[in-house]
Amino acid sequence: MPNAILDPTGRASRVPASAPGLDLALRRSDLAGARVGLMDNTKHNAALLLAEIGKLLASEQGATVTARATKANFAAPAPADLVERYRAACDVVLTGVGDCGSCSASAVADGIAFERAGLPAAVICSDAFVVTADAMAELRGAPGYHYLQTPHPVAVLTADQVRQRAKQLLPGVVEMLTAPR
Amino acid sequence: MTATTAPAPPDELDPDAAQAAIEYCYQQGWSDGLPLVPATRSLVEKFLAAAGRSRHEVIGRLPQLEREVTVELAAINAAMAGCLPEYFPVVLAAWEALMLERSTQGGGWQSTSGPAPLIVVNGPVRKELGFNSAGGVFGPGFRPNATVPRAIGLIVRNAYGIHPHELEQATQGLPGRWSICLAETEEESPWPPLAAEAGQAADASAVSATLLRTCEFVDNRHTGSAEQLLTDFADTIGRSGAWIFRYASAGIVFCPEHAQLVAGAGFDRAAVRQFLAERSGRSTAGLAAVGKDACDDNGVRGPGAGGSGDFQRMLPGDAAQHLLIAVAGARNAGISMVVRLFAGWSGTAVLVPVLRNTAASNKENS
């Protein structure tokens, strides 16, 4: 019998760690009075884009931004204590912008972590990183996880253009954070 | 037209079986694009014996991807890369040296900049294993220089699961990715080995490594002035193209001719670094012309007010961590390589254990 060829991935004998599938956190029917958390990832224009969407959520939906933070290490998913801080301070979270190889993947990981912590989340990624974002969703046991896409690039936009993007994204954000009617 | 044939191979070799096994490896998605050596248990055991370490030892973790690398997985990938078993201690040292780099613990392997490891080998192991330290040191033609970095690339691909177009998002990627491994030409270098500068004994076999953003050579063969030569390096190092944060770190792989000229004028490594730290950079006006004169709160460069003639230094300081200096290449021309570090360099070198008798250690490892 010929020699077996060895598998270099270490995955052959592995059972998937987490059962596939993600139960999304329970949604409210609207965002009136909702406490909104913003978590940007240091990427250029990310904080501004989230802040602008936050303003629109306040003026048009009656929500209040109650927490905002910058995830210092954009390459890695948010540490558990940061997720917990948002859980304590907010009803929904908005995060992004996935605008690079590692940060798009970790933004999706964050969205999934928020959902598992019971917080409805909307993740924003540049549309150039869909494949890596989807690959991370699969890794986290949530294949097909939905996030919001915005056309690439984001970093070169002027402040006015960022405000335009915020307006374009708003309906999708609201839809993602609320229960279907 | 008839094909010429090499001397007949021994009868027991079966090229058809070899080809089928190679195709199997492609079909599994394990390959970097080139043929792999199919790894068998008996071959991998030789690698493990050469390293003399527990096969279960975890030598790398990427928590964000829930993946880890054991000595055994590294051995399988090194065998597939075409390494000989006796190269495996060098692969492990190179991997461990890379693990000491902050960038490899974060998003470096997934980055749009598509960085390449730079691996520098010092000490007797260079000659024992036949590493090239002379002509064409960045190029192909030498099995250890080619297969050790390829093994690193396969570990990232297979054990970490970072594939191009998926979790790996290189926009273009760096030429030389997974192929830059050079031995320092200690015999021609006027300075102590790089590993000695990183704290190891002067005669130690050791590996230093970091990630590169890009490379560009300085061809200067007609000046006898160390200051003119170093000023040429300062100009290349200070280019704005790859400079995206407040500061950027670099390195130089000097050819022997340049290193000897500079050392002959009294420069040791520290003096070279000091000279270059003061002179590498651009004026604020020059940076404004390319939209990189200001830094935001995260230290990322972008357009600012511009205008001023102030000189902005590129290197964050004159420590070895910010300007790695090695010597390699032929002593036939004044051509040296400027490399740009993805982040900094840890300034460390990892020892390669003295090679063991494979047969003896096979027993104790089983």
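All of the numbers you see were taken from the coordinates with simple rules; none came from a lab. Predicted, not measured: the structure shown is a model, and the values here were computed from it. No Cβ is skipped: glycine too gets one built from the backbone with ideal geometry, and neighbour counts run over all protein chains shown.
Give me a single rounded figure for A:40-47: the average over its residues of other chain Cβ atoms within 10 Å of their Cβ. The partial results should precede the final answer.
On the way: counts 0, 1, 5, 2, 4, 1, 1, 3.
Across A:40-47, the average partner-chain Cβ count within 10 Å equals 2.
Helical runs assigned H by DSSP (4 residues or longer) give chain B a calculated mean residue ellipticity at 222 nm of -9000 deg cm²/dmol, each run adding -39500 (n - 2.57) before division by the residue total.
The distance separating the Cα centre of segment A:45-76 from that of segment A:154-173 comes to 12 Å.
Relative contact order of chain A: what whole-number percent is it, with Cα pairs under 8 angstrom and at least 6 residues apart? It would help to have the intermediate numbers written out before the result.
On the way: 336 pairs, mean separation 47.3, N = 181.
After rounding, I find 26 percent.
Counting other beta carbons within 10 Å of each residue's own, what order do B:Glu12, B:Glu278, B:Glu45 fall into, fewest first? Provide the component values of the computation, followed by the final result.
Working: B:Glu12 5, B:Glu278 13, B:Glu45 19.
With the fewest neighbours first, B:Glu12, B:Glu278, B:Glu45 line up as B:Glu12, B:Glu278, B:Glu45.
For segment A:57-181, what is Rg from Cα atoms divided by 2.2 N^0.38 Å, rounded to two decimals? Write out the running numbers ahead of the final one.
Working: Rg = 13.9 Å, N = 125, 2.2 N^0.38 = 13.8 Å.
For segment A:57-181, the normalised Cα radius of gyration is 1.01.
Bridgeable lysines around A:Lys43 (alpha carbons under 29 Å apart, same-chain partners fewer than 8 residues away excluded): A:Lys55, A:Lys71, A:Lys167, B:Lys292.
Cβ crowding within 10 Å ranks B:Glu227, B:Glu101 as B:Glu227, B:Glu101, fewest other Cβ atoms first.
In order along segment B:285-301, the Karplus-derived 3J(HN,Hα) couplings, from 6.51 cos²θ - 1.76 cosθ + 1.60 at θ = phi - 60°, round to 5, x, 6, 5, 5, 10, x, 9, 7, 10, 10, 7, 4, 8, x, 8, 6 Hz, and Gly and Pro are given as x. When the Cα atoms of the protein assembly as shown are aligned to their principal axes, the ranges along those axes come out at 78, 71, 54 Å in descending order.
Please find the FRET efficiency linking B:Asp296 to B:His163, where r is the Cβ-Cβ separation and R0 is fixed at 22 Å, and quote it to the nearest 0.05. E between B:Asp296 and B:His163, to the nearest 0.05, is 0.10. For segment A:52-58, putting each phi into the Karplus relation 6.51 cos²θ - 1.76 cosθ + 1.60 with θ = phi - 60° gives couplings of 5, 5, x, 4, 5, 5, 6 Hz, in residue order, rounded to whole numbers and with x for Gly and Pro.
Spin-label model, B:Ala289 to B:Arg41: label points 7 Å out along the Cα-to-beta-carbon direction sit 6.7 nm apart. Taking the convex hull of the alpha carbon positions in segment B:130-270 and averaging its projected area over all directions gives 10.6 nm².
Using only the Cα atoms, what convex hull volume per residue in Å³ does chain B have?
On the way: hull volume 65.5 nm³, N = 366.
Dividing the Cα hull volume of chain B by its residue count gives 179 Å³.
With the convex hull drawn around the C-alpha atoms of segment A:5-87, the volume per residue stands at 155 Å³. With the convex hull drawn around the C-alpha atoms of segment B:98-191, the volume per residue stands at 116 Å³.
Pairs of alpha-carbon atoms within less than 8 angstrom and 6+ residues apart define the contacts here; what relative contact order does segment B:26-126 have, in percent? Don't skip to the end; give the middle numbers.
On the way: 85 pairs, mean separation 24.3, N = 101.
About 24 percent, as a whole number.
Using a cutoff of 8 angstrom between alpha carbon atoms and counting only pairs six or more residues apart, the relative contact order for chain B works out to 21 percent. Residue exposure proxy: B:Cys255, B:Cys295, ordered by other Cβ atoms within 10 angstrom of their Cβ from fewest to most, comes out as B:Cys295, B:Cys255.
Distances longer than 17 Å among the Cα atoms of segment B:1-58: what percent of all pairs is that? The proportion of pairs with Cα distances above 17 Å equals 62 percent. Taking label positions 7 Å along the Cα-Cβ direction at both A:Val156 and B:Asp219, the computed distance is 3.2 nm, reported to one decimal. The lysines within cross-link reach of B:Lys46, meaning a Cα-to-Cα straight distance under 30 Å and a gap of 8 or more places when in the same chain, are B:Lys127, B:Lys363.
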